[in-house]
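Structure first, commentary second.
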Amino acid sequence: LAEVSSEPKTGEEVYKAQCSACHASGALGSPKFCDASAWGARIGKGYDGLLTSALKGKGSMSAQGGGAFSDFEVGRAVVYMVNNSGGKFAEPAKK
């Protein structure tokens, strides 16, 4: 049997498992991964604003809170996407 890790997933792991379904291609109007112009205005909303959008849903994106990943892990994915798209967000602190 594979050992199950209790360590939280990295932003990259969550992105690949969940977020890339839309953000890799820009599906449903989502900002495409690494597209600084598409992310620019969103980055201006700050980490808390983007995390709230991710957890509660926005536009065509369904709420990510309460799903397969913890809020902390979703936050890490937000930082991963932003920082690969021109932003400079700090890694969220684990609560």
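The values are calculated or read from the model by the stated rules, or taken from the named source; none is laboratory data. Treat the numbers as computed from the prediction; the structure is a model and nothing was measured. Here the Cβ positions follow ideal geometry from the backbone for every residue, glycine too, while neighbour counts run over all protein chains shown. The protein model used for the area step is the full one, side chains on, heavy atoms only, and it has no ligands, DNA or RNA in it. Shrake-Rupley method; radii C 1.70, N 1.55, O 1.52, S 1.80 Å.
Projected label points at ASP35 and ASP48, each 7 Å from Cα along the beta carbon direction, are separated by 2.9 nanometres.
With θ taken as phi - 60° and the Karplus curve 6.51 cos²θ - 1.76 cosθ + 1.60 applied, the whole-hertz 3J(HN,Hα) list for the stretch 22-38 is 10, 6, 5, 10, x, 4, 6, x, 6, x, 6, 3, 6, 9, 4, 5, 5 Hz, x standing for glycine and proline. Pairs on different chains or at least eight residues apart, Cα atoms closer than 14 Å: how many lysine pairs in the chain fit? Going through the chain pair by pair, I get 4.
Take every pair of alpha-carbon atoms less than 8 Å apart whose residues are at least six positions apart; their mean separation over the length of the chain yields a relative contact order of 33 percent. A 1.4 Å probe run over the chain, with the rest of the protein chains in place, finds 62 Å² accessible per residue.
Every helix of 4 or more DSSP H residues in the chain counts as -39500 (n - 2.57), and over all residues that averages to -11500 deg cm²/dmol at 222 nm.
Suppose R0 equals 35 Å. What FRET efficiency, 1/(1 + (r/R0)^6) with r the Cβ-Cβ distance, do SER20 and ALA93 give to the nearest 0.05?
Rounded to the nearest 0.05, the efficiency is 0.90.
Compared with the dominant Cα axis of the chain, that is its longest principal axis, helix 46-56 is turned about 70°. Within the accessible surface of the chain, defined with a 1.4 Å probe on protein heavy atoms only, the carbon and sulfur portion equals 54 percent.
The long axis of helix 71-83 is offset from the longest Cα principal axis of the chain by roughly 40 degrees.
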